Amino acid sequence: MFRLFQRTRLTAVASAALLLFGAVACGSGESGDKGGAASGSSAQKGAFPVTLTHKYGATTLKSEPKRIVTVGLSDQDAVLALGKVPVGTTEWLGGFKGAIGPWAKEALGDKPLPTVLHDNGTGPQVEKIAALRPDLILALYSGLTKDQYRTLSKIAPVVAQPKDGPDWSISWQDQTEQIGKALGRPDEAEKLVTKTEKHISEAAAEHPEFKGASAVMATPYEGMYVYGPQDNRSRLLDDLGFALPTDLSKVVGDAFGANISKERTDLLDTDAIVWIVTDPAKDTKKLHADPLYGKLDVAEQGREVMVKDSSTFGSAVSFVSPLSLPYTVDRLVPLLAAAVDGKPTTKVSAPTS
């Protein structure tokens, strides 16, 4: 089943992290890199010191970071796009080597793959992070708790998620710009955002039929789970010109998404719906067997885009980064166009790999 974000909890007490960091920094005396090479320097003149505000206060970076660990589930893409390679990344989707998606391979080039960390609902792997000797920990696209922030801050400066909005809701634009500031490359980050937004807007301009048409992203997780206006998947639909259901914010509340009650199945009766599913054929059959959903026009008229969650395309749809977005848009837009063409006989077939 498609893995939704899980609220994390503290994996180690601060004192243990301090002891471990001391052992790593002083015990081995190794000068070689562990978990990828430290990134070179190309920061803008005058970029440091820089102070970044976040949910747990403010973090000041006095100089350009060389050894970056990304705890945020998609933070690595902005780091790569801005010319650096993290020494550690956190696994989320796809099971890709180094937690680097195919859409980011060109940015990685022939540089060493990062060490992959795992967060299976137990929080960041503190000991492994300390062993990588980071001088910056990025946790922008995350649900980092205050205790976890304090623990990780004993290892290296931490830039956590924004204070406004729910966890895992930072826009990819803000994420990229914050990371750009942290790396000393704010101008490059701004140009990257502009370039990516242009790719999306050009795709939208080619499909004026998207403008004002209703759409939603959902997954059959413990019933029917919808992504709200503060989730990047929904934001992409909005950027392409689609309108989200008017009552979606009320149903989702202060979160990036929520399960809807049977009484609100009507929210799914949109001009197009993107389903993130485990098995397109089986899940379509199961959804259409639902006595409420199966009778909606969106189901009966074939206006569904079924995206296999374990496919590269499915991973990219959920990743939503400056590197994954062009990849996603080029594949998703034709499917959405087929869904809203007004012809129930049009087959909408998403990539399965």
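Is it the case that segment 34-41 has a residue that's surrounded by fewer than 17 Cβ atoms within 10 Å (Cβ to Cβ) and modelled with pLDDT under 50? Among the residues of segment 34-41, at least one is surrounded by fewer than 17 Cβ atoms within 10 Å (Cβ to Cβ) and modelled with pLDDT under 50, which makes the answer yes.
Restricting attention to segment 107-142 and to residues that are surrounded by fewer than 22 Cβ atoms within 10 Å (Cβ to Cβ) and closer than 22 Å to residue 177 by Cβ, the residue that is farthest from the chain's Cα centre (by Cα) turns out to be 135. Cβ-Cβ contacts under 8 Å between residues 6 or more apart (or on different chains), taken from a first residue in segment 165-179 that is in contact (Cβ under 8 Å) with a residue 24 or more places away in the chain to a second residue that is of a type in the set (Val, Ile, Thr) and assigned to a loop (DSSP other than H, G, I, E, B), are listed as 172/320; 178/170. Based on what the data block shows, is residue 144 in contact with a helix residue (DSSP H, G or I) (Cβ under 6 Å, 6 or more places away or on another chain), part of a loop (DSSP other than H, G, I, E, B), of a type outside the set (Phe, Trp, Tyr) and at pLDDT 95 or above? No, not satisfied. In this structure, residue 258 does satisfy being among the small types (Gly, Ala, Ser), in a strand (DSSP E or B) and surrounded by fewer than 20 Cβ atoms within 10 Å (Cβ to Cβ).
Scanning segment 307-325 for residues that are touching a residue at least 60 places away in the same chain (Cβ under 8 Å), of a type outside the set (Val, Ile, Thr) and outside any helix (DSSP H, G or I) returns 309, 310, 321, 322, 323.
Taken over segment 83-109, the criterion of being in a loop (DSSP other than H, G, I, E, B) and either free of Cβ contacts under 8 Å to residues at least 12 places away in the same chain or of a type in the set (Phe, Trp, Tyr) (or both) is satisfied by 92, 95, 96, 109.
Take residue 234 and tell me if it is among the hydroxyl-bearing types (Ser, Thr, Tyr), farther than 22 Å from residue 141 by Cβ, crowded, with 17+ Cβ neighbours inside 10 Å and in contact with a strand residue (DSSP E or B) (Cβ under 6 Å, 6 or more places away or on another chain). No: the conditions fail for residue 234.
Restricting attention to segment 326-353 and to residues that are among the polar types (S, T, N, Q) and either assigned to a loop (DSSP other than H, G, I, E, B) or without any contact (Cβ under 8 Å) to a residue 12 or more places away in the chain (or both), the residue that is nearest to residue 239 (Cα to Cα) turns out to be 349.
The values are calculated or read from the model by the stated rules, or taken from the named source; none is laboratory data. Small disclaimer: the values here were computed from a predicted structure and weren't measured. Here the Cβ is made from the backbone with ideal geometry for all residues, glycine too, and neighbour counts use every protein chain on show.
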